Each structure stands twice: as C-alpha cells, then as structure tokens.
Amino acid sequence: MPRAGTTRTFTISFPPKLAEQVERMASEESRTTSELFREAFRAYRAERIRAIFDESNAEGRALGHNGYGPEDVERLVDEDRAEQWAAKQAAKQ
C-alpha cells in the first residue's frame with residue numbers, strides 16, 4: 001500500500017452496468033477498486049510495451065535484421081559502457 005501523500009487521485013466515470021462489473025470483480029477478488037485499476041493499468045501498459053516491441057522486431061526482420069542473441073550481450077554492454085565513459089570524460093573537459 002502506498003504511503004500517504006505518494007499517490008494521486010483520479011476521478012473516472014463508467015456507465016452503470018460497467019461500474020457494477022467493476023465493483024463485483026473487486027469484491028470477488030477481495031481488492032479495492034483502486035487496486036483493480038492499478039493492476040488494469042499495469043496490464044495495459046505491459047501490453048502496449050509488448051506491442052511496440054513486437055512491431056519493432058517485425059520492422060527489423062523486414063529489413064533483414066535477425067535481432068540480438070546471447071552472444072551479443074557482453075559486446076553490447078561493453079560498447080554502452082564505453083560510450084557512457086566517453087561522454088563523462090567529454091563533460092569533464
């Protein structure tokens with residue numbers, strides 16, 4: 001449960017039948033409607049991210065890229081760290 005003052009309140013409206021379904025589901029799952037909506041948003045956000053990822057992968061495959069494999073991970077991490085180090089060095093100058 002979030003601490004007091006660390007949440008924001010949203011007001012939303014539903015048609016009566018949908019509101020009844022929300023209340024019934026929350027009751028059946030022994031959760032508050034806030035918990036139900038937080039979980040629904042997390043699921044929605046995860047699905048959006050998955051869809052973007054899938055679309056990006058499809059675009060890459062269409063361009064002939066096969067993606068990265070486990071053998072690429074160390075090299076990519078090393079490249080990223082080197083770029084970050086170079087950026088820090090440049091910022092110091």
Mean residue ellipticity (222 nm) of the chain, computed from DSSP H runs ≥ 4 via -39,500 (n - 2.57), nearest 500: -25000 deg cm²/dmol
Translational diffusion of the chain, µm² s⁻¹ [Kirkwood Rh, Cα pairs; Stokes-Einstein; 20 °C; 1.002 mPa s]: 116
Options N57, T32, A86, ranked by Cα towards positive dipole end of the chain, top entry (Cβ charges): T32
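FYI, it's all coordinate maths here, none of it is from the lab. This structure is a prediction, so every number in the text was calculated from the model and none was measured. In this analysis, Cβ positions are derived from the backbone assuming ideal geometry, glycine residues included, and neighbour counts consider all displayed protein chains.
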